[in-house]
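A quick write-up on the structure given underneath.
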Amino acid sequence: MMRTRSLTPLVCAAIAVSALTAGTAARASSGSCRALPVSALPLATLEASYRTLTDLPPGTPLTASLPHRYGICATTHYAFQPMTVARGVHLSYQEQVDQQDHSATWRENADGTWINEGITSLCAQAPHALINDWRLPGVRCRVAAAATPVACGSVNDSHGNGHLALNDLMASGVSCAVARSLASAYLEGHALPSGWHVKPNSIVTFTRGSERVTGEEVG
């Protein structure tokens with residue numbers, strides 16, 4: 001497991017500046033990300049993860065400082081929580097080193113554990129739309145313009161499952177081959193590929209992060 005550490009104030013400032021120019025890292029549409037109430041932040045879980053990642057004994061007193069943020073993109077939770085060992089706690093030399101290359105941005109794994117990506121640009125540690133929603137002081141990430149939708153034709157149901165067709169397929173951020181495979185899976189009653197979500201309606205919408213496919217259902 002990759003270890004990550006808590007930021008010093010100087011590193012925080014450097015990351016905030018570099019975040020202003022980062023333009024190609026983690027991105028998501030504002031529609032797929034949203035900030036969550038800070039009161040829901042799983043602080044105890046983050047503290048336990050911090051101790052594990054920095055090889056600190058269980059129960060080592062920690063100090064969580066401001067600012068703190070919480071949010072979700074698609075089904076993945078993110079948190080921004082600077083953390084340090086509490087004043088007065090004696091650390092060995094190696095434990096001190098372990099505290100220095102840790103970021104304040106956390107991502108929850110599918111198994112409920114939390115990790116982060118080390119001291120890279122803040123805009124590389126979480127989707128840009130969410131970081132911008134968090135309104136961290138001095139931080140603004142560039143969000144890529146939405147992809148121009150591409151027309152991908154129609155897909156018919158050849159198995160007689162009750163959905164006749166999806167017409168006028170439009171794909172944003174994915175190829176027509178992906179759009180047509182999603183339409184086929186939906187029409188034939190198969191599970192969608194991992195990460196994709198569907199909203200059935202007269203216009204069926206498939207989404208995965210900033211990627212989007214729509215089609216008019218005929219049934």
Yes/no for residue 74 being modelled with pLDDT under 95 and closer than 28 Å to residue 211 by Cβ: yes
Among (1) among the polar types (S, T, N, Q); (2) under 16 Å from the mean Cα position of the chain (by Cα); (3) at pLDDT below 85 - the single one residue 113 does not satisfy: (3)
Filter result for residue 112 (within 25 Å of residue 55 (Cβ to Cβ) and surrounded by fewer than 17 Cβ atoms within 10 Å (Cβ to Cβ)): yes
Flag if residue 183 is of a type in the set (A, V, I, L, M, F, W, C), in contact with a Leu (Cβ under 9 Å, 6 or more places away or on another chain) and farther than 21 Å from residue 73 by Cα: yes
Residues of segment 33-62 classified as on the phi < 0 side of the Ramachandran plot and surrounded by fewer than 13 Cβ atoms within 10 Å (Cβ to Cβ), total: 8
Cβ pairs under 8 Å, 6+ apart, first in segment 191-202 and in a loop (DSSP other than H, G, I, E, B), second small (Gly, Ala, Ser): 191/185; 192/185; 193/181; 193/185; 195/74; 195/209
Elements of type strands (runs of 3 or more DSSP E) in segment 47-142, at least 1 residues being within 23 Å of residue 37 (Cβ to Cβ) and free of Cβ contacts under 8 Å to residues at least 24 places away in the same chain: 62-64
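The values are calculated or read from the model by the stated rules, or taken from the named source; none is laboratory data. Predicted model only: the values in this text are computed from it and were never measured. Cβ atoms come from the backbone with ideal geometry, glycine included; neighbour counts cover every protein chain shown.
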